[in-house]
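Report on the structure given below.
The values are calculated or read from the model by the stated rules, or taken from the named source; none is laboratory data. Since the model is a prediction, treat every value here as computed from it, not as a measurement.
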Amino acid sequence: MKKSLILLLLSIATLSYADDAKVVIKQKSGSETALQLSAKPAITFSGDDFVVTTDATTITLPLSDVDYYTVSEGTTGIAPVATQPQFSRGHVVFSGLMEDTPVYIHTLDGRVVGQQPADASGKADVSLDSLPKGVYVVSTPNNNIKVMVK
């Protein structure tokens, strides 16, 4: 059975961000859509669609067109060292980490079900292939994402 990943945004309403913080949706075509967090975007899934709703607008994209999305904390003039994770056939790949930085896989009830330290080049390739269907949190010291294994 083929496994696929769906990236879900952790609750952003309870986090504190700069005034210019935003959700950035990167599409596979290379285009980007940005929404200010002050607009309180809600991200949901409807069938095969990725839906972002704010007080002023609703954006619907085919889930197959969405590469990834992030929360950007605005411009500080300092670029982040770690890159956004890449997703490929049952793997989440982090790069730009310090060597031996742990990347954990947690169940939603907090149990650690996997761990992968970053290698000498700062890369951690986390395989989700052996996990049963469900939703998991993959975390580094500076990044938490939810993934769904189908």
Checklist entry - Among the strands (runs of 3 or more DSSP E) confined wholly to segment 1-91, which include 2 or more residues that are within 14 Å of the chain's Cα centre (by Cα) and at pLDDT below 75? => result 5-8, 66-72
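Can you name the residue in segment 92-145 that is part of a loop (DSSP other than H, G, I, E, B) and hydrophobic (A, V, I, L, M, F, W, C) and is also nearest to ASP67 (Cα to Cα) among such residues?
In the first step, residues of segment 92-145 are kept if they are part of a loop (DSSP other than H, G, I, E, B); the result is 95-101, 108-111, 118-123, 128-133, 141-142.
In the following step, the residues that additionally are hydrophobic (A, V, I, L, M, F, W, C) were identified as 97-98, 108, 118, 120, 128, 131.
Details: LEU97: 21, MET98: 25, LEU108: 23, ALA118: 23, ALA120: 27, LEU128: 18, LEU131: 22 Å.
Among residues in segment 92-145 that are part of a loop (DSSP other than H, G, I, E, B) and hydrophobic (A, V, I, L, M, F, W, C), the one nearest to ASP67 (Cα to Cα) is LEU128.
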